[in-house]
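Inspection log for the structure reproduced underneath, given as structure tokens.
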Amino acid sequence: MRAYKVLAPGRGEMVDIERPQPGPSEVLLRVAATGVCHSDVFIRDAIPALKMSLPVTLGHEVVGVIEELGVGVSGWTPGQQAAAYVMRGCGSCAPCRRGLDNFCHVGYLGLGTHFDGGMAEFMAIPADAIADASGLDPIAAAPLTDAGLTALHTVNSIDRGRPDPERIMIIGIGGLGHLALQIATYRFHAEIIAVDRDPKALELARKLGADSTVLARGSEAAEILAWAGGREIDVVLDFVGSDSTLALAAAVTNRGAQILVAGLGGGSVPFQAVSVSTVAPEVSLLRVSAGSRHELAEALDLGRAGVMHAETVVYPLEQAGRAIDDINEGKVIGRAVLVP
Ligand SMILES: [Zn+2]
Ligand SMILES: [Zn+2]
């Protein structure tokens with residue numbers, strides 16, 4: 001079968017390999033669609049922090065049809081459409097036992113990073129790491145399994161014990177941000193403000209229900225403070241996570257606000273324990289990471305209900321390398337999806 005493998009750091013290639021066999025407790029999926037994520041750029045580079053062992057097949061947003069069941073698998077039948085859970089925790093710590101692999105104390109390993117993923121015609125995966133994806137268009141569903149999962153977990157992480165937010169600001173209307181925007185619009189009677197440096201992304205944000213949009217060009221904090229009448233943003237969802245977006249989040253939030261950071265832009269913000277500080281008192285700052293097994297099922301349900309819909313650009317599997325390059329160069333609005 002054909003598969004896109006990382007053979008050496010930065011060297012991804014389409015290769016012919018043996019079709020995998022499902023091991024005990026595994027299923028074999030005939031891949032229908034695999035989303036391409038911005039992190040595939042770093043995974044292809046096999047950056048040292050990921051501690052990968054090569055070669056490995058890329059692809060961690062996978063939807064397919066069950067082709068074969070391994071020994072000991074029950075509850076699934078060949079022909080069913082299923083979506084892969086993007087990570088695998090240790091399986092034995094307290095969070096893992098509750099399906100919260102994203103909280104795994106040992107640290108989780110990633111599909112298409114530490115074990116073979118779905119940029120291939122077939123993929124073997126443990127039967128307890130798939131969720132029912134019946135009734136969904138596989139191309140639309142693939143991005144829900146990672147981008148959608150993280151977007152959902154970010155919105156789910158808004159503390160509902162606090163007064164309902166009146167103003168939610170979403171920074172970065174890319175692969176994750178455009179999905180979080182749809183969930184936030186559905187969940188909250190709040191004014192949604194979208195921030196991005198690309199006017200086309202803001203156009204998409206308006207189409208998806210943002211009440212107002214702000215073009216990021218360096219003066220956005222002053223702009224938002226002026227029309228909001230001060231630091232009146234209750235919740236910031238930051239899908240960029242750079243120095244400048246974190247500074248913006250801190251500048252527009254006041255006491256009791258929440259800043260949830262999903263972007264991995266490498267930024268930082270001073271968190272001083274003094275009375276007058278960059279981050280206002282009573283502001284909580286949370287770095288979110290992917291989502292749980294339950295949230296994968298929830299993300300797929302939101303897809304079925306039409307609440308969350310990913311904008312997709314389809315590439316044939318053979319063009320996996322080009323799709324990753326296009327994402328790296330910012331040429332893809334929404335989500336790229338590979339189809340074998
Ligand atoms: Zn990803
Ligand atoms: Zn664990």
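Within region 200-215, residues that are charged (D, E, K, R) reach partners that are open to solvent by 10 Å² or more (accessible area, probe 1.4 Å) with beta carbons closer than 7 Å, at six or more positions or on different chains, in the pairs LYS200/ILE333; ARG206/THR213; ASP211/GLU191. What pairs come up if the first residue lies in region 255-281 and is in contact (Cβ under 8 Å) with a residue 24 or more places away in the chain, the second is of a type in the set (Ser, Thr, Tyr) and surrounded by fewer than 11 Cβ atoms within 10 Å (Cβ to Cβ), and their beta carbons are under 8 Å apart, counting only those six or more places apart or on different chains? That search, which allows pairs on different chains as well, returns PRO281/SER275.
Does region 36-51 contain any residue that is hydrophobic (A, V, I, L, M, F, W, C), part of a strand (DSSP E or B), away from ligand 1 (no atom under 16 Å from the Cβ) and surrounded by 14 or more Cβ atoms within 10 Å (Cβ to Cβ)? For region 36-51, residues hydrophobic (A, V, I, L, M, F, W, C), part of a strand (DSSP E or B), away from ligand 1 (no atom under 16 Å from the Cβ) and surrounded by 14 or more Cβ atoms within 10 Å (Cβ to Cβ): absent.
Sort through VAL73, VAL6, VAL56 and tell me the only one that's open to solvent by 20 Å² or more (accessible area, probe 1.4 Å), assigned by TED's automatic domain parsing to the domain that holds ALA142, in contact (Cβ under 8 Å) with a residue 24 or more places away in the chain and not small (Gly, Ala, Ser). Only one candidate passes the filter, namely VAL73. For region 76-108, the candidate set comprises residues that are closer than 22 Å to ALA133 by Cβ and either among the hydrophobic types (A, V, I, L, M, F, W, C) or not assigned by TED's automatic domain parsing to the domain that holds PRO9 (or both); within that set, the residue that is nearest to ligand 2 (Cβ to nearest atom) is LEU100. The single residue among ILE158, ILE139 that is modelled with pLDDT of 95 or more and part of a helix (DSSP H, G or I) turns out to be ILE139.
Can you confirm whether LEU136 is under 30 Å from ALA249 (Cβ atoms) and away from ligand 2 (no atom under 16 Å from the Cβ)? Against the criterion (under 30 Å from ALA249 (Cβ atoms) and away from ligand 2 (no atom under 16 Å from the Cβ)), LEU136 does not qualify.
The values are calculated or read from the model by the stated rules, or taken from the named source; none is laboratory data. No experiment lies behind these values; they were computed from the predicted model shown. Note: ideal-geometry Cβ built from the backbone for every residue, glycine included; neighbour counts use all protein chains shown. For the accessible areas, the whole protein counts, side chains as well, though only heavy atoms, and no ligand, DNA or RNA atoms are used. Shrake-Rupley method; radii C 1.70, N 1.55, O 1.52, S 1.80 Å.
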